[in-house]
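Notes for the one structure printed next.
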Amino acid sequence: MVEGFERLAGGAGVAARRAAFLAPLGLRATDSAKRPPRVRRRQAGDSHRGGHVGTCARVSGIGIPAAINTRRRGPDHDQIPALEYNPAGGTEDRMRMNYDFDALRRDILGGVTAMVVALPLSLAYGVVSGMGAAAGLYGAIAVGFFAALFGGTATQISGPTAPMAIVMAVIVTSYTNSLSEALTVVLLGGLLQALLGVLKLGRFVAYTPHVVVSGFLSAIGFLVMAIHVLPLLGSAPAPGGAVGMILALPTALHDVNLSALTIGFAALAVSVLWPRRFTVFLPSPLAGLISGTLLGALWLTDAPIIGQMPTGLPALQLELPSLAFLARAVGPALTLALIGSVVSLLTSLVADSMTRTSHDPERELIGQGVGNIAAGLIGGLPGAGTPVYTVPNIRAGGRTRVAGVVFALLLLALLLGLGHHVESIPLAALAGVLMKVGWDLVDWPLLTRLHRLRREHVAVILATLVIAVFVDLIGAVAVGLIISGLARAAQVERLELDSVISVPLLDRMFLSEDEEAAGADPFAARVGMVALKGSLTVASSKKLVRTISIDIKDHDVVIFDFSKAAYIDDSAAVVVRQLIELAKEEQTQTIAMGLFGDVAYTLNAFDVLREVPPEQIAKDVDEARQIAKRLLHLDPSSTPVTDDRT
């Protein structure tokens, strides 16, 4: 154990090792030496020198490993910072690293690598959203900068993503009438996202069922590919998503632009076939974009291009909306906030697995919200943390927020100095690159196993996917959550009903030892017990009435045993009140037993026990037996039989 903490301290000296050892106990080491903790590189004799090898698991169809082999070549292996414990703050905030030139070099390399990946995708997502290529760059700069400064994941790189771009395309075409209204939705979505973090709801956002996230991201992938079919043929994108593309496809095929088609397929082929060993120097999306741009600039010059790009710093896009529009904008803004939050927090988990750190979900949502607010103010596309940018940053050596700041500043420099060069990029080249991105977004491993999944999971995935592609992207998330909730309720109902026990208590076992009583029926059971265990919620409340009400009619006295109940929600509490009222109608006396804690508080709050006299509330089985004998007018001097089965 001591050796483990010595490795954790990384050679930071006796004081640092002692502080790390005492950290789990909530204690602080006192030492007169105030030397800052030092960081050493791993040596050949250190344990785990090969790195951590985890199992690969797709994250919501993105295709990024959930845990990655961190073995690195050469002496510059991974650095483990010393930890300083502070009970008032999180582990990540207490992490101190000697930030030297080598660390700066790694962060700069990580930021440059992420920027190279993000540049073509940001331009493409801006075009997809209908806000323009410049909006993609503005969004990458704003979200990337502020999320890096204020976010809760030090290594995460944020920017425009396919889900956010597709949602914005729907918002632009279906929910707003002008660019200023669309930016208002972006700003409002950022505010809601930051509010989720302030209210510490980040961990609950991550509870979104995987089948909903998988179906949604797969739908995004199909939409990305569908939307870019027309630009690949040299035609302008058609409004209406996949349905609009299908309706406009015959005309586009009749008027196909062979130059655009050649450029698009060339960019797609390079993106797909680009050797993996070259991606360290030139990512495949950028390689595909460069190849398509060169074809368009040197030979196939009649293909449609991006066109005029704004130059200089982005201006504030601030226009006060009407109250009526704000009321309509809450729904789309909430969808932006939820989708951005889920994607960002999933990416944080990927970053944690690669760097062996722990992110702060609330702070991450605040940082993402601030970034999207800034994007809305300058006319940018909303964004989120994404593995597409984060993984290259980490693999290139980025370990702190400096990498995210470098990423944003480099994009700003490119916008100011090279913005006019972007104007000649063919739209078909962007379409070819995004065809590959869309294909990778589809959760093929899960879709190919639909025949092995439970029916309710299949229903959630297909409903979310079909509605998102052909009807409404925002409504698909709500429908998926509703169906998933109903399926979960059905499962919980079975589990909860299994924990409810209704049993008759034989008189000769529960009430008296005298089995020779004249005329006594040995199978008489005037007392019944309903034992409620575990949790009882709305899922099982209705069937509980139908099941237990039949048993209540068969007894003169019914004991409701709450001693093993852990939680009762409002619906289940009302059902218990209905059962007690039913017992009164059937001339059946009721006894409440084992009331304490949250269960007692809920029952009292809903006045569930108003029909139960105070003298018929028992602490345990023995007291309930005495009350039952009194209610049945039995001889109080009779000696009750203690039966372990009760």
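The values are calculated or read from the model by the stated rules, or taken from the named source; none is laboratory data. Because the structure is a prediction, the values reported are computed rather than measured. Using ideal geometry, Cβ is built from the backbone for each residue, glycine included, and neighbour counts are taken over all protein chains shown. Just the protein is used for accessible areas: all its heavy atoms, side chains included, with ligands, DNA and RNA removed. Shrake-Rupley method; radii C 1.70, N 1.55, O 1.52, S 1.80 Å.
Sorting the segments 148-160, 177-189, 587-599 by their residues' average number of neighbouring beta-carbon atoms within 10 angstrom, most packed first, yields 148-160, 177-189, 587-599. Ranking Lys629, Lys436 by solvent-accessible area of protein heavy atoms (1.4 Å probe, all protein chains present), from largest to smallest, gives Lys436, Lys629. With R₀ set to 56 Å, the beta-carbon distance separating Leu634 from Arg488 gives a calculated FRET efficiency near 0.75. The string of couplings for the stretch 597-614 from the Karplus curve (6.51, -1.76, 1.60, θ = phi - 60°) is x, 5, 5, 5, 4, 5, 5, 5, 4, 9, 6, 5, 9, 5, 8, 9, x, x Hz, one whole number per residue in order, with x for Gly and Pro.
Put simply, the amide H of Ala618, placed in the peptide plane, has neighbours under 5 Å in Ala592, Met593, Gly594, leaving out anything fewer than 5 places away on its chain. Peptides 459-469, 441-451, ordered by how many other C-beta atoms sit within 10 Å of their residues on average, highest first, read 459-469, 441-451.
Taking amide hydrogens as placed 1.01 Å from N in the peptide plane, the amide H of Ala565 sits under 5 Å from those of Gly534, each at least 5 positions away in sequence or on another chain. Close amide H pairs (under 5 Å, H built 1.01 Å from N) link Ala525 with Asp507, residues at least 5 positions away or on another chain.
Sequentially through the stretch 569-582, phi angles give Karplus couplings (6.51, -1.76, 1.60; θ = phi - 60°) of 8, 5, 5, 5, 5, 5, 5, 4, 5, 5, 5, 5, 5, 5 Hz, Gly and Pro residues having no value and appearing as x. Couplings for the stretch 376-382, taken from phi via the Karplus curve 6.51 cos²θ - 1.76 cosθ + 1.60 with θ = phi - 60°, read x, 6, 10, x, x, 7, x Hz in order; Gly and Pro are left as x. Computed on the Cα trace of the stretch 387-431, the radius of gyration divided by the Kirkwood hydrodynamic radius gives Rg/Rh = 1.10. Using alpha carbon centroids, what distance separates the stretch 276-340 and the stretch 385-415, in Å? The stretch 276-340 and the stretch 385-415 have Cα centres separated by 17 Å. Modelled spin-label separation between Ser174 and Glu615, with each label point placed 7 Å from Cα along the Cα-to-Cβ direction: 6.6 nm. In terms of accessible area, using a 1.4 Å probe and ignoring ligands and nucleic acids, Ser322, Ser502 rank largest first as Ser322, Ser502.
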